[in-house]
Amino acid sequence: MFRLFLACLTLAVLLACAGESPEKYLQEGFVHFQKQEYDQAIISYQKAVKLEPKAAAAYNMLGMAYRFKFQQLRNPDFQAQEMAAFSKALELDPNYWVAMINLGTTYYFRGEKAKAAPWFKKALALNPDHPEKAQIEKMIAEGAGRP
């Protein structure tokens, strides 16, 4: 009887460890992202947000994967998905300054510098010691029409 109990307990532990978790897919996505396997990274991040729909960081990483996919193919659908993912991250966490920088950067490089500036300003207000503060301030000035 004890052996049956031990076998069932071991099986339950193994199944729990093999189960799906958002963290598993975030890590998997990160590995694919580093290997520049953006399609696979997107799939992994999509699985993560499906399992944890309130994970702002997962949406932010999904946006980054779409950004790099867009840069590979220049398909505007990928850029639209990139922006939607960053926006969703900010909807979930309005103070997530990383997603603000990412969304602002997308606007900036689309030539929509005036739309980028408020995102950069808010991000710097939340993280005034950002390591790229000088560059971001320059981008804010460009968005305001100042040289």
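State whether the residues of the stretch 95-109 include one that is of a type in the set (Gly, Ala, Ser), touching a residue at least 40 places away in the same chain (Cβ under 8 Å), surrounded by 17 or more Cβ atoms within 10 Å (Cβ to Cβ) and part of a helix (DSSP H, G or I). Before the answer, list the steps.
Of the stretch 95-109, the ones of a type in the set (Gly, Ala, Ser) are 99, 104.
Now narrow it down to the ones that are touching a residue at least 40 places away in the same chain (Cβ under 8 Å): 99.
Subset that is surrounded by 17 or more Cβ atoms within 10 Å (Cβ to Cβ): 99.
Checking which are part of a helix (DSSP H, G or I) leaves us with 99.
Among the residues of the stretch 95-109, at least one is of a type in the set (Gly, Ala, Ser), touching a residue at least 40 places away in the same chain (Cβ under 8 Å), surrounded by 17 or more Cβ atoms within 10 Å (Cβ to Cβ) and part of a helix (DSSP H, G or I), which makes the answer yes.
Out of the stretch 31-73, which residues are among the aromatic types (Phe, Trp, Tyr) and surrounded by fewer than 22 Cβ atoms within 10 Å (Cβ to Cβ)?
Correct list: 33, 68, 70.
Taking the condition polar (S, T, N, Q), within 11 Å of the chain's Cα centre (by Cα) and farther than 29 Å from residue 138 by Cβ, does residue 40 pass?
In short, no.
Are any residues in the stretch 125-147 touching a helix residue (DSSP H, G or I) at 6+ places or on another chain (Cβ under 6 Å) and in a helix (DSSP H, G or I), and if so, which ones?
126, 136, 139, 140, 142, 143 - these are the residues of the stretch 125-147 that are touching a helix residue (DSSP H, G or I) at 6+ places or on another chain (Cβ under 6 Å) and in a helix (DSSP H, G or I).
None of the figures in this text is laboratory data; all of them are computed from the coordinates on show. Predicted model only: the values in this text are computed from it and were never measured. Reconstructed Cβ throughout: ideal geometry from the backbone, glycine too, with neighbour counts over all protein chains shown.
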